[in-house]
1. Taking the range 6-60 as the search range and keeping residues that are more than 17 Å from residue 71 (Cβ to Cβ) and acidic (Asp, Glu), which one is most open to solvent (accessible area, probe 1.4 Å)?
2. Taking the condition of being open to solvent by 50 Å² or more (accessible area, probe 1.4 Å) and either without any contact (Cβ under 8 Å) to a residue 60 or more places away in the chain or at positive phi (or both), how many residues in the range 258-277 meet it?
3. Could you check the range 134-156 and list, in sequence order, the residues that are farther than 24 Å from residue 104 by Cα, open to solvent by less than 60 Å² (accessible area, probe 1.4 Å) and free of Cβ contacts under 8 Å to residues at least 60 places away in the same chain?
4. Whether any residue in the range 39-49 is assigned to a strand (DSSP E or B) and more than 19 Å from residue 225 (Cβ to Cβ) is what I want to check.
5. All but one of (1) open to solvent by 60 Å² or more (accessible area, probe 1.4 Å); (2) more than 19 Å from residue 47 (Cα to Cα) hold for residue 245; state the number of the condition that does not hold.
6. Please pick out the residue among 124, 135 that is among the small types (Gly, Ala, Ser), under 13 Å from residue 154 (Cβ atoms), within 18 Å of the chain's Cα centre (by Cα) and not in a strand (DSSP E or B).
7. So, in the range 121-152, of the ones that are over 23 Å from residue 37 (Cα atoms) and touching a Ser or Thr at 6+ places or on another chain (Cβ under 8 Å), which residue ends up modelled with the highest pLDDT?
8. Would you tally the residues in the range 107-133 being under 12 Å from residue 161 (Cβ atoms) and touching a strand residue (DSSP E or B) at 6+ places or on another chain (Cβ under 7 Å)?
Amino acid sequence: MPFTLACAQLAPQKAKLDANIERIADFTVQASQGGADLVLFPESAVSGYYLEGGVLENALEAEDLCTRLDRATQGRLSQPTDILVGYYEKAGGGLYNSALYVELQPNGAKAVHNYRKFFLPTYGLFDEERFVSRGHKLGVFDTRLGRFGVLICEDVWHSLLSTLCAVQGAQAILVPSASPGRGFHGSEPENHARYRRMLRAISEEHGLFTANVQLTGFEGGKGFVGGSMVFDPMGNPIAESPLIEEHLLMAKIDPDLQAIARSATPLLADLRTAWADISRMVQEVE
């Protein structure tokens, strides 16, 4: 079933959870009124990214975040709208960089899946592993709109995870990110150009949609790049946000394009056929 996806590229206020959740609700209502069935929000959209030692006091339990999102949108949505929201999570005594997928219905909200970031960058501008723990499960799950995979920022820089999502049946890979601009040598920041190359390659190789929603704004003197983008299963760009500024990006997703792409380039079918041997090779490496 075709549906409309929106990428809500926003600049959260650092450590202002209530204000940020209200803005997430406002973006959701705006996107829903424009016909969006699914609204994606960036990594750490609830609190801002560079919290460091402030992660604990700004982390939420998944159920609490679902309740707050429901409360902030209740009575404002005329149709069911799904959202994926990046936040810092506390659970079982641990802290995680997570993304929560929620179905918002006129009569209440339901948390569908909670994904915890697997690869935690701790180099250069990043220091995540000092403040949060990594997840241990692949984020592939079923929704009313289809079967999705979620990867958070650094996760998509490792091609293995997108391959695993494809093998597990993901029709689209959703990538919330908070990527500070760096590499200002060409017409666009190098990290933004890298995202373009990675997403296109994932879509082309596996015949699926990719959607990356980026944080924007400034925190601690670091500017987040923006430039959210969506690719179809042939690797063609569907839509792209401008750099730096806040923006609501809308894109039509037609699952029938998957069959066309995978028929023309059956790489995923080849991968599944060879999966037993690949699993054996992985064990040999270990």
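The values are calculated or read from the model by the stated rules, or taken from the named source; none is laboratory data. The shown structure was predicted, so the numbers you read here are calculated from the model rather than taken from an experiment. Cβ coordinates were reconstructed from backbone atoms using ideal geometry, including for glycine residues, and neighbour counts include every protein chain displayed. Please note that ligands, DNA and RNA were not included when accessible areas were found on the heavy atoms of the full protein model with its side chains. Shrake-Rupley method; radii C 1.70, N 1.55, O 1.52, S 1.80 Å.
1. 57
2. Selection size over the range 258-277: 11.
3. Answer for the range 134-156, where residues must be farther than 24 Å from residue 104 by Cα, open to solvent by less than 60 Å² (accessible area, probe 1.4 Å) and free of Cβ contacts under 8 Å to residues at least 60 places away in the same chain: 135, 154, 155, 156.
4. Checked the range 39-49: at least one residue is assigned to a strand (DSSP E or B) and more than 19 Å from residue 225 (Cβ to Cβ).
5. (2)
6. 135
7. Top of the filtered list is 135.
8. 2
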